Amino acid sequence: MNRGDARQWWQTRWFVLAATLFAMLPLVWPDIPPLVDLPGHMGRYRVQLDGWRYPWLAEWYDFRWMLIGNLGVDLLVIPLSKIFGLELAVKLIVMAIPAMTVAGLLWIAREVHGRIPATALFALPLAYAFPFHFGFVNFALSMAFALLAFGFWLRLGRLGRFRLRAALFVPISIAIWVAHAFGWGTLGVLAFSAELIRQHDLRRQTARQGWPGVFDAWIVPWFFAGVQCLSLAFPLLLMLAWRSGAVTGETGDWFNWRAKILWVTQVFRDRWQLFDIASVGVIFLLMFKAIRDPNIQYSRNLALSAIFLLLVYILLPRIVFGSAYADMRLVPFLIAIAIIAIRPKPGLSIRGTAVVAVLGLAFFAARIVATTWSFALYDASYDRELKALDHVPVGARLITFVGETCYNEWRMTRLQHVPALALERRLAYTNDQWSMAGGQLLTVRYLMDRPRGDVGKRFVHDASQIVTDKQCPREWWKPIDISLTRFPRDAFDYVWVIRPPAYDHKLERGLIPIWRDGSSAVFKVDRAIPPAVPAGLPVPKPMAYLEIHGDGRYPGNTVGIELKPIKIIRAPAPTPTPTETPKPKKKKKKCHRGKPCPVKKVVKPKARPKPRPTPTEAPGVAPEAAEPHPQD
């Protein structure tokens, strides 16, 4: 695209500014951004900021600073919370994430194409993709930084400022890695693919003829592209230092094709399934048209970046270092890069391009308005449930049970980690915190001094707060009947149930209700009254994990913690006592007219005398060879 052409309205700086601000609209109204995991992170931020002031927090949680690749929002809340308070600081940071994502995509499109193509507007709604709704805020923040950094990388390369770029991107790469290691890795893939195209174009014109020319144009650029990206490699040392320490968390579930296809179809997953899937259809229709339409083409630079990201997505497992949904997080950015790679070919009329821009703007606006309405509904749900905290005293030991189903509905309640707001607002203990040493700064220490196998240790961290009406396959969640009757009543003062599944209210024995709203309630534990035992409740096995795997591993949490195997001692089966089988009675035979038959005497035959052995058959002497019998 010629940089000397007159700019259209979607290519102006005013439009970029307006689109960036418009992307923040869904998060303006909610007091707390209604993202699934975010309340759980806010509970950790409270321990991080005020744990030293309240000694009971140090008894419940172990918070230790360390240099890990997952500290984005954790660091930003320290200065901002002193100015705005914790909740507003978190809200401002989260609001900035989609805005920076939109700005980064538009900047990359401008640097690659010279002007922002009209088709790039279709990529902007991906700022509110499923990983963001899930509450992966450190990841989303680092990816927004990575997109802005990639735009800056392209600009410095276009201006020929390679030495300045090498110097600046050493600290930039470290900062992005500290925010989240995933963003740093994505920046490395994008930068290498872009540099590979640039090196190929530089050497193609001076390449030799024949096979040496192929080597010069296609093999040598890989080496020089790697040299240009050495300024991004320093975080490799930080990564090795981090993962070589006492870090838990497994890596697994490779090449789960069903899940990978599912993540693509759910990239816009929010509330209305038909609308979200139709939005995915619009995106793929655009990419398909770019292949078939002679008036539209792909940029080689960003097309190669999209191909590299696709390969990473295929090779990436679902769980990396104990962090679940690792491959799912890459999907929206893979699609966004593929979309902004599309541009009209020279000669396409301005009128036709303007129509595409209007359609892209309408798509962006429709998604933002729908997300705004969805977040407003979630915010009303939060406000209704959080009224319960008015009845929870400061410093209470609170156990919470949040209702869930086994069917993985499209619309998530987003209440799974609302209990952590009791920790954030009331400094109360909550049983929904993740506990993964080395993966984050906070681990749970409450009840960890109890002996192994103690039932209370199953109710201290995520996912003990999730309850269902029955045991769900392949999940750690417990049925509500088991949770209400088995939790250690000596370890908790209050019980908070949030939209639980239907249950027999006789199970509330020993729980004094102090607040109700619909099915949600807050109870005070009365330890003088023993808990109820519902009829038909199955006897628990030594470890819940055995019900699924049966290999003796202790159950971890939903992010992949796996402790050491334990030895399972089973009582020997009792040996059955043999019983004598009664002998059947012999029936007497009856003769004529029912009279008993006379007993016959049995005469034993006399034993015949054994023949005396011949000399050849004497013991110890081998007989002579004999002629075979005729019948032989």
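The values are calculated or read from the model by the stated rules, or taken from the named source; none is laboratory data. Please read these numbers as outputs of a predicted model, since none were measured by experiment. Cβ atoms come from the backbone with ideal geometry, glycine included; neighbour counts cover every protein chain shown. Side chains included, ligands, DNA and RNA excluded: accessible areas come from the protein's heavy atoms. Shrake-Rupley method; radii C 1.70, N 1.55, O 1.52, S 1.80 Å.
Using only the alpha-carbon atoms of segment 211-351, report the extent along each of the three principal axes, biggest first, to the nearest angstrom.
60, 54, 26
May I ask you to evaluate 6.51 cos²θ - 1.76 cosθ + 1.60, the Karplus curve with θ = phi - 60°, for each residue of segment 322-337 and list the ³J(HN,Hα) values in order in whole Hz, giving x for glycine and proline?
x, 9, 7, 6, 5, 6, 4, 5, 7, 4, x, 7, 4, 5, 4, 5
Give me, ordered by chain and number, the residues 5 or more places off THR400 or on other chains with an amide H under 5 Å from its own placed amide H.
Residues meeting the criterion, in which the H sits 1.01 Å from N, are ASN431, TRP496.
VAL264 versus GLN8, label points 7 Å from Cα toward the beta carbon: distance in nm?
It works out to 2.8 nm between the two label points.
Hey, rough spin-label estimate for ALA166 and ARG452, points 7 angstrom out along Cα→Cβ, what's it come to in nanometres?
5.4
What FRET efficiency comes out for the pair PHE255/ALA376, r = Cβ-Cβ distance, R0 = 41 Å, nearest 0.05?
Details: r = 40 Å, r/R0 = 0.97.
The value I calculate is 0.55.
In terms of solvent-accessible area of protein heavy atoms at a 1.4 angstrom probe, what is the ranking of ILE307, ILE480, highest value first?
Details: ILE307 90, ILE480 5 Å².
So the residues, ranked largest to smallest area, are ILE307, ILE480.
Within segment 358-376, which residues have the backbone N less than 12 Å from the label spot 7 Å out from TRP29 along Cα→beta-carbon, could you tell me?
It comes to 369-376, nothing else.
Quick one: Debye curve from the C-alpha atoms of segment 11-60, no solvent, what's log10 I(q)/I(0) at q = 0.20, 0.25, 0.28 Å⁻¹?
So the normalised log intensities work out to -0.78, -0.91, -0.98.
Taking only protein heavy atoms into account and a 1.4 Å probe, give the accessible area per residue of segment 1-105 in Å².
Result: 45 Å² per residue.
Applying 1/(1 + (r/R0)^6) with R0 = 56 Å to the Cβ-Cβ distance of VAL355 and ASP50, what FRET efficiency is obtained, to the nearest 0.05? If you can, show how the numbers build up before the last one.
Details: r = 55 Å, r/R0 = 0.98.
That gives a FRET efficiency of 0.50.
Tell me, what is a quarter of the convex hull surface for the C-alpha atoms of segment 388-493, in nm² with one decimal?
Working: hull surface 31.3 nm².
Its average projected convex-hull area is 7.8 nm².
How much length would be gained if the chain were fully extended between ARG64 and ALA365, taking 0.36 nm per residue of separation minus their Cα-Cα distance, in nm to one decimal? Kindly include the intermediate steps, with their values, before the conclusion.
Values: separation 301, 0.36 × 301 = 108.36 nm, distance 4.31 nm.
Result: 104.0 nm gained on full extension.
How do LEU25, LEU156 rank by accessible surface area computed with a 1.4 Å probe, from largest to smallest?
Working: LEU25 70, LEU156 10 Å².
So the residues, ranked largest to smallest area, are LEU25, LEU156.
Work out, step by step, the length gained on full extension between ASP469 and ILE512: first 0.36 nm times the residue separation, then minus their alpha carbon distance; give nm to one decimal. Intermediate values should be presented prior to the final figure.
On the way: separation 43, 0.36 × 43 = 15.48 nm, distance 2.22 nm.
Additional length available on full extension: 13.3 nm.
To the nearest 10 square angstrom, how much accessible area does TRP218 have with a 1.4 angstrom probe?
150
Quick one: which of 516-524, 336-344 comes out on top by average Cβ neighbours within 10 Å, and what's the full order, highest first? Can you show the working numbers first?
Details: 516-524: 16.3, 336-344: 26.2.
Highest to lowest by the protection proxy: 336-344, 516-524.
What list of ³J(HN,Hα) couplings, whole Hz, do you get for segment 33-39 from phi and the Karplus terms 6.51, -1.76, 1.60, once you set θ to phi - 60° and write x for glycine and proline?
For segment 33-39, the Karplus curve yields x, x, 10, 3, 8, 4, x Hz.
Around TYR446, under 10 Å between beta carbons, what's the net of Lys plus Arg minus Asp minus Glu among the other residues? Don't skip to the end; give the middle numbers.
Numbers: positive: ARG397, ARG445, ARG450, LYS457; negative: GLU59, ASP62, ASP449.
So the environment of TYR446 carries a net charge of +1.
May I ask you to compute the full-extension gain from LEU274 to ALA437, defined as 0.36 nm times their residue separation minus their alpha-carbon distance, rounded to one decimal in nm?
54.7 nm
Along the Cα→Cβ direction, 7 angstrom out, place labels at TRP218 and ILE307. What is the inter-label distance in nm?
Taking the two extended label points, one gets 1.0 nm.
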